[in-house]
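Input: a single structure, listed below in structure tokens.
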Amino acid sequence: MYKIEAGTAQHVGNRPRQNDRAALLTTPTAPGCVLAVVGDGGAANALGAEQLLHTAKQLFDDYRMGDAPGVERIADLLRAIARETHDVLLMNPLSAGHGAQSAMALLVLTPARQAVWATVGDTRLYRFANGAPAARSDDAAYIDHLVTADGLAPDVARRHRASRLLNNVLGNPLKPPFICIGTHENLQPGDAFLLCTDGVWPWFADNELAAAVSRRTPRQAAGLLVEKARERAQGQGDNCTMAIVRLVAPA
């Protein structure tokens with residue numbers, strides 16, 4: 001058995017405004033489940049990240065866990081959140097007219113000791129086990145998709161963030177999002193997760209993040225990571241946004 005410690009944190013960094021969003025959600029229709037959401041609205045505005053939070057809450061409230069919550073059903077929920085957010089951003093004249101987009105990281109924990117996550121773009125998810133890095137999202141799957149499915153040359157695929165056509169975000173009118181799914185079962189005390197935007201992760205090695213998250217409360221860890229990210233960015237830091245979830249043994 002374990003109990004969950006969780007929290008979110010944000011800092012504007014050296015940007016003129018905060019365009020990221022983060023939330024921890026529960027719903028009576030899925031007792032014992034927690035949904036963590038982190039969205040990076042990019043440089044233009046916060047409309048994309050705001051829409052991600054709104055859609056995530058709406059679809060999570062409509063979700064019925066059932067007697068046996070399978071990881072694939074939860075993965076389908078996360079895919080639906082990403083796709084509906086993308087569609088709304090393209091259809092809504094307000095958001096579409098302002099170039100609203102968002103990267104995202106979503107994580108669901110279930111009472112059956114399951115973790116399911118989904119990412120789009122450069123908002124990352126890390127999983128730690130007993131204070132050590134265990135897994136993280138990255139661009140590898142999307143680059144492979146661009147090469148195998150779209151037929152791009154590997155060097156062109158690796159430069160996808162520099163291309164409006166290939167950039168993997170919700171709300172890109174030129175390309176639907178590529179949604180990367182991950183799962184882990186048999187969660188144990190000592191497991192922890194970090195969802196964070198690119199105002200955080202580029203400034204840390206994986207083992208630094210593992211140590212910060214695993215040895216501190218979510219609030220303490222977030223404060224340390226924000227402080228170090230700002231220090232290392234040397235006045236050029238992006239918005240810092242994160243959600244931290246730790247599984248700890250009951251007292």
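The values are calculated or read from the model by the stated rules, or taken from the named source; none is laboratory data. What you see is a predicted model; the values in this text were computed from it and never measured. Backbone-built Cβ (ideal geometry, glycine too); neighbour counts: all protein chains shown.
Rundown of residues vs (1) under 20 Å from A9 (Cβ atoms); (2) in a loop (DSSP other than H, G, I, E, B), yes/no style:
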{"site": "Y142", "(1), (2)": "no, no"}
{"site": "L146", "(1), (2)": "no, no"}
{"site": "P176", "(1), (2)": "no, yes"}
{"site": "Q188", "(1), (2)": "no, yes"}
{"site": "R219", "(1), (2)": "yes, no"}
{"site": "G223", "(1), (2)": "yes, no"}
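Can you tell me which of V12, V34 is of a type in the set (A, V, I, L, M), within 20 Å of A229 (Cβ to Cβ) and surrounded by fewer than 24 Cβ atoms within 10 Å (Cβ to Cβ)? Write out each step before concluding.
Details: V34 fails: within 20 Å of A229 (Cβ to Cβ).
Being of a type in the set (A, V, I, L, M), within 20 Å of A229 (Cβ to Cβ) and surrounded by fewer than 24 Cβ atoms within 10 Å (Cβ to Cβ) holds for just one of V12, V34, which is V12.
Output the residues belonging to the range 124-140 that are assigned to a loop (DSSP other than H, G, I, E, B) and touching a Cys at 6+ places or on another chain (Cβ under 7 Å).
Of the range 124-140, the ones assigned to a loop (DSSP other than H, G, I, E, B) are 130-131, 137-139.
Result: S137, single match.
Could you say which residue among R64, R83, R79, R73 is surrounded by fewer than 18 Cβ atoms within 10 Å (Cβ to Cβ), in a helix (DSSP H, G or I) and free of Cβ contacts under 8 Å to residues at least 60 places away in the same chain?
Values: R64 fails: in a helix (DSSP H, G or I); R83 fails: free of Cβ contacts under 8 Å to residues at least 60 places away in the same chain; R79 fails: free of Cβ contacts under 8 Å to residues at least 60 places away in the same chain.
Residue meeting the stated conditions: R73.
Going residue by residue through the range 34-54, is there one that turns out to be of a type in the set (D, E, K, R), modelled with pLDDT of 95 or more and assigned to a helix (DSSP H, G or I)? Outline the logic, then answer.
Just the residues of the range 34-54 that are of a type in the set (D, E, K, R), to begin with: 40, 50.
If we keep only those that are modelled with pLDDT of 95 or more as well, we get 40, 50.
Now restrict to residues that are assigned to a helix (DSSP H, G or I): 50.
Yes: one or more hits.
If you scan the range 93-123, which residues turn out to be touching a His at 6+ places or on another chain (Cβ under 8 Å) and assigned to a helix (DSSP H, G or I)?
Within the range 93-123, none qualify.
Between a residue in the range 175-187 that is modelled with pLDDT of 95 or more and of a type in the set (D, E, K, R) and any residue that is crowded, with 18+ Cβ neighbours inside 10 Å and assigned to a strand (DSSP E or B), which pairs come within a Cβ distance under 8 Å, given they are 6 or more apart or on different chains?
E185/Q114; E185/A115
Return a yes/no flag: does the range 198-217 have any residue that is touching a helix residue (DSSP H, G or I) at 6+ places or on another chain (Cβ under 6 Å), assigned to a helix (DSSP H, G or I), in contact (Cβ under 8 Å) with a residue 12 or more places away in the chain and crowded, with 20+ Cβ neighbours inside 10 Å. Quick ask: steps written out before the conclusion?
Looking only at the range 198-217, we keep the residues that are touching a helix residue (DSSP H, G or I) at 6+ places or on another chain (Cβ under 6 Å), and these are 200, 203, 212-213.
Those still in the list that are assigned to a helix (DSSP H, G or I) too: 203, 212-213.
Then keep just the ones that are in contact (Cβ under 8 Å) with a residue 12 or more places away in the chain; that gives 203, 212-213.
Adding the requirement that they be crowded, with 20+ Cβ neighbours inside 10 Å leaves 212-213.
Looking for residues that are touching a helix residue (DSSP H, G or I) at 6+ places or on another chain (Cβ under 6 Å), assigned to a helix (DSSP H, G or I), in contact (Cβ under 8 Å) with a residue 12 or more places away in the chain and crowded, with 20+ Cβ neighbours inside 10 Å, one finds at least one in the range 198-217, hence yes.
Check off (1) within 29 Å of R79 (Cβ to Cβ); (2) surrounded by fewer than 17 Cβ atoms within 10 Å (Cβ to Cβ) for Q234 and give me the number that stays unchecked.
Of (1) within 29 Å of R79 (Cβ to Cβ); (2) surrounded by fewer than 17 Cβ atoms within 10 Å (Cβ to Cβ), only one is false for Q234: (1).
Just to be sure, is L247 part of a loop (DSSP other than H, G, I, E, B), modelled with pLDDT of 95 or more and either hydrophobic (A, V, I, L, M, F, W, C) or farther than 30 Å from E84 by Cβ (or both)? Lay out the reasoning, then the answer.
Working: part of a loop (DSSP other than H, G, I, E, B): no; modelled with pLDDT of 95 or more: yes; either hydrophobic (A, V, I, L, M, F, W, C) or farther than 30 Å from E84 by Cβ (or both): yes.
No: the conditions fail for L247.
From (1) outside any strand (DSSP E or B); (2) crowded, with 24+ Cβ neighbours inside 10 Å, pick out the condition that doesn't hold for L90.
With (1) outside any strand (DSSP E or B); (2) crowded, with 24+ Cβ neighbours inside 10 Å applied to L90, the lone miss is (2).
Just give me the residues in the range 21-32 being out of contact with any Cys (no Cβ under 8 Å at 6 or more places or on another chain) and either modelled with pLDDT of 95 or more or β-branched (V, I, T) (or both), in sequence order. Before the answer, list the steps.
Initial filter on the range 21-32 (out of contact with any Cys (no Cβ under 8 Å at 6 or more places or on another chain)): 21-25, 28-32.
Once the filter is applied, which keeps residues that are out of contact with any Cys (no Cβ under 8 Å at 6 or more places or on another chain) and either modelled with pLDDT of 95 or more or β-branched (V, I, T) (or both), the range 21-32 yields R21, A22, A23, L24, L25, T29.
In the list A23, A46, which residue meets the criterion of being over 17 Å from L125 (Cα atoms) and either among the hydrophobic types (A, V, I, L, M, F, W, C) or touching a Ser or Thr at 6+ places or on another chain (Cβ under 7 Å) (or both)?
Being over 17 Å from L125 (Cα atoms) and either among the hydrophobic types (A, V, I, L, M, F, W, C) or touching a Ser or Thr at 6+ places or on another chain (Cβ under 7 Å) (or both) holds for just one of A23, A46, which is A46.
What's the number of the only condition in (1) exposed (fewer than 13 other Cβ atoms within 10 Å of the Cβ); (2) over 30 Å from K3 (Cβ atoms) that A132 fails to meet?
Going through (1) exposed (fewer than 13 other Cβ atoms within 10 Å of the Cβ); (2) over 30 Å from K3 (Cβ atoms) one by one, A132 breaks only (2).
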